[in-house]
Amino acid sequence: MASQATTAARISGVLRLAGALHRRPRLRLALLLTAPLLWLIVLYLGSLAVLFASAFWTTDSFTSQVVKVWSTDNFHQLVTTPVFREVIVRSVGVALAVTVLCALIAFPVAFYTARVAPPRRRPLLVVAILTPLWASYLVKVYAWRLILSRGGLADWLLAPLGLGGPGFGLPATVLTLTYLWLPYMILPIHTALEQLPAQLLDASADLGARAGRTFRSVVLPMVLPSVAAGSVFTFSLSLGDYITVQIVGGKTQLIGNLVYSNIELNLPMAAALGTVPVLVIVLYLLAIRRTGALSSL
């Protein structure tokens with residue numbers, strides 16, 4: 001009898017708790033989001049806070065040990081040292097170049113897969129676009145190293161024209177990064193073009209608009225948020241990359257390389273360099289927020 005009474009009391013307590021949560025949807029939502037929010041705050045935002053705080057520390061020049069003394073010397077060096085300024089500008093330029101190239105290549109590909117290809121083939125084309133993402137990152141980069149190396153496929157294809165491949169350097173880095181992140185630009189543009197009402201294109205044609213005017217006045221305004229959404233991935237992934245430039249970049253240095261090389265020797269300087277991509281990406285997100293790109297992610 002005692003066990004039955006205890007079980008009944010537990011069931012009654014559970015029912016009362018369920019009823020209380022049912023009557024309070026905000027409390028139920030808060031309980032559901034507590035664990036993932038704590039995980040986000042502690043691991044992600046917490047690590048960023050530690051990164052930002054350690055950027056204000058210094059390093060003992062003799063022992064290379066971190067000295068937890070508040071100082072702005074690291075950021076002062078980033079601003080005043082020409083090498084750091086050049087690397088930061090070069091890194092942002094590479095990220096922008098990759099983003100522009102991805103957009104120029106992705107739009108005709110996405111237009112074909114979404115509007116021109118037969119409906120039965122469109123899922124297969126989307127799968128084909130996603131297929132490179134299934135391969136290893138290093139495998140793809142080393143494949144491009146073989147393609148761009150002296151006597152490689154690029155030289156073989158351009159030899160009849162009297163030209164040669166770009167070799168290793170900044171152009172090779174931009175080309176390889178464009179290949180790596182191109183699917184992230186194609187997919188949002190494909191989705192936007194697939195959802196574009198055909199009646200708008202027909203109405204534009206009925207009103208006498210040519211293809212160029214239809215593209216500028218109808219297609220581009222509706223697809224631009226998706227282009228901006230894809231650029232978030234291509235820009236941020238290119239800005240923080242450091243492996244590709246090590247493999248195909250030759251002597252080119254980007255922010256990621258400087259962060260990697262300073263981790264063992266000067267951890268506070270590496271942290272200061274690591275804050276630069278974070279700040280640049282935040283500014284980039286603020287700049288494209290008005291396009292509606294963040295809602296398209």
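The values are calculated or read from the model by the stated rules, or taken from the named source; none is laboratory data. Keep in mind the model is a prediction, meaning the values are calculated, not measured. Because the Cβ atoms are built from the backbone with ideal geometry, glycine has one as well, and the counts that use them run over all protein chains shown. Protein only, heavy atoms only, side chains kept; ligands, DNA and RNA dropped before computing areas. Shrake-Rupley method; radii C 1.70, N 1.55, O 1.52, S 1.80 Å.
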Can you name every one of the helices (runs of 4 or more DSSP H) wholly within region 190-244 that holds 2 or more residues which are open to solvent by less than 20 Å² (accessible area, probe 1.4 Å)? 220-239
Any idea which residue in region 266-288 is surrounded by the most Cβ atoms within 10 Å (Cβ to Cβ), counting only those that are aliphatic (A, V, I, L, M) and farther than 21 Å from VAL83 by Cβ? ILE288
For residues that are open to solvent by 90 Å² or more (accessible area, probe 1.4 Å) and of a type in the set (D, E, K, R), tally how many sit in region 37-69. 1
Cβ-Cβ distance below 8 Å, separation of 6 or more or different chains: which pairs start in region 39-57 with a residue that is closer than 18 Å to SER71 by Cα and end on one that is in a loop (DSSP other than H, G, I, E, B)? PHE56/TRP70; PHE56/SER71; PHE56/THR72; TRP57/LYS68; TRP57/VAL69; TRP57/TRP70; TRP57/SER71
Can you name the residue in region 246-293 that is part of a helix (DSSP H, G or I) and small (Gly, Ala, Ser) and, of all such residues, is farthest from LEU148 (Cα to Cα)? ALA287
Selection count where residues are touching a residue at least 12 places away in the same chain (Cβ under 8 Å) and of a type in the set (D, E, K, R), scope region 178-231: 1
Could you list, in sequence order, all residues of region 161-186 that are hydrophobic (A, V, I, L, M, F, W, C) and open to solvent by 50 Å² or more (accessible area, probe 1.4 Å)? LEU161, LEU163, PHE168, LEU170, LEU175
Mind checking which residues of region 122-160 are outside any helix (DSSP H, G or I) and surrounded by 15 or more Cβ atoms within 10 Å (Cβ to Cβ)? SER149, GLY152
Going by the conditions given, is VAL116 in the same structural domain as VAL223 (by the TED database), surrounded by fewer than 12 Cβ atoms within 10 Å (Cβ to Cβ) and aliphatic (A, V, I, L, M)? yes
Going through (1) over 14 Å from LEU267 (Cβ atoms); (2) open to solvent by less than 60 Å² (accessible area, probe 1.4 Å) one by one, THR72 fails only at (2)
Can you name the number of the only condition in (1) hydrophobic (A, V, I, L, M, F, W, C); (2) open to solvent by less than 30 Å² (accessible area, probe 1.4 Å); (3) touching a helix residue (DSSP H, G or I) at 6+ places or on another chain (Cβ under 6 Å) that VAL259 fails? (2)
Residue among VAL100, VAL89, VAL109, VAL126 that alone is more than 30 Å from MET269 (Cβ to Cβ), of a type in the set (Val, Ile, Thr), without any contact (Cβ under 8 Å) to a residue 40 or more places away in the chain and assigned by the TED database to the domain that holds VAL276: VAL100
